[in-house]
Amino acid sequence: MKQKKSNQQLMVEAIKLAVGTTSYLGLSIDSVFEATIERLYSYYQETKDKCYAETALLHIRAYVEMGFDYEDKAELFDPILEELGTSRNLEFPKAYYYSKKIKANKTQIRTMIVKWPASKFRMNINELIQDILDKVVNKKVGIYYYNSNPAPDKGNNMDGDLYELVVSEKETYFHDIKRRKYFTIIS
């Protein structure tokens, strides 16, 4: 049982990575998840092959782990869980799948940054927060990375925190890569 859970989590991480990269092409991650899950459920309904429903469940898990709200797609997700003989409460307990929506202001953005040590090699915490805020508020579409490691090019190992900011026309999210946390930024 433990091995199965481990393999499932590995697949969920692969899904998050694959779907997350669609934002590089300007696609909405939320829309890609929705279309994929709809298609998988449609295949399940046509073939009654449970593999499609189980794969849809993995995509739902990835969707929720990336910080998106289950409730937004409950109408799509609930029938899939029902077909598999499970429920939202069993699969996605609130305590584990807590997704946080952040308002685009300095105080809220600061809460996403766990640590940012002072260094002469890169921007300070206030400059970092202002940079993120500027990109979000002004909809500067792109993918931006921030590393708390003061001098990664000096041969240091990459033990700092790595953050990813994705700004698209449709959505903005912030990813704490080390801690696997996602935040949706609302402007």
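The values are calculated or read from the model by the stated rules, or taken from the named source; none is laboratory data. It should be emphasised that the depicted structure is a prediction, and the values quoted were computed from it without experimental measurement. For neighbour counting, all protein chains shown are included, and Cβ atoms are generated from backbone atoms with ideal geometry for every residue, glycine included. What goes into the accessible areas is simple: the full protein's heavy atoms, side chains included, and nothing from ligands, DNA or RNA. Shrake-Rupley method; radii C 1.70, N 1.55, O 1.52, S 1.80 Å.
Tabulated results
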read-out	value
Fraction of accessible area attributable to carbon and sulfur, region 1-142 (%, probe 1.4 Å)	53 percent
Mean projection area, nm², convex hull over Cα of region 101-185	5.4 nm²
Rounded to the nearest 20 debye, dipole of the chain from Cβ charges on Lys, Arg, Asp, Glu	880 debye
Relative packing of 9-19, 161-171, which averages over residues the other C-beta atoms within 10 Å, highest first	161-171, 9-19
Nearest-20 debye value, region 101-185 charge dipole, Cβ charges on Lys, Arg, Asp, Glu	260 debye
Pairwise FRET efficiency - GLU46 versus ALA118, Cβ, R0 = 41 Å, nearest 0.05	0.10
Built amide H within the under 5 Å cut-off of THR172, gap 5+	ILE185
Solvent accessible area, Å² - THR21, 1.4 Å probe, full protein context	60 Å²
Counted charge near GLY142, where neighbours are those whose Cβ lies closer than 15 Å (Asp, Glu -1; Lys, Arg +1)	-1
Accessible area per residue in Å² at 1.4 Å probe, computed on the chain	58 Å²
Hydrodynamic radius by Kirkwood, which averages 1/r over all alpha carbon pairs of the chain, in angstrom	18.0 Å
Burial order of peptide ranges 106-113, 49-56 (average beta-carbon count within 10 Å, highest first)	49-56, 106-113
Beta bridge orientation in the chain: antiparallel %, DSSP, nearest 5	80 percent
Using alpha-carbon coordinates, inclination of helix 50-65 to the longest axis of the chain, degrees	30 degrees
Computed [θ] at 222 nm, helices only, for the chain once each DSSP H run of length n ≥ 4 contributes -39500 (n - 2.57)	-15000 deg cm²/dmol
Cβ-based charge dipole, the chain, positive-most Cα from LEU76, MET123, GLY20	MET123
Cβ-defined net charge surrounding LYS170, 14 Å radius [Lys, Arg +1; Asp, Glu -1]	-4
Amide H partners (placed H, <5 Å) of GLY67, local residues excluded	none
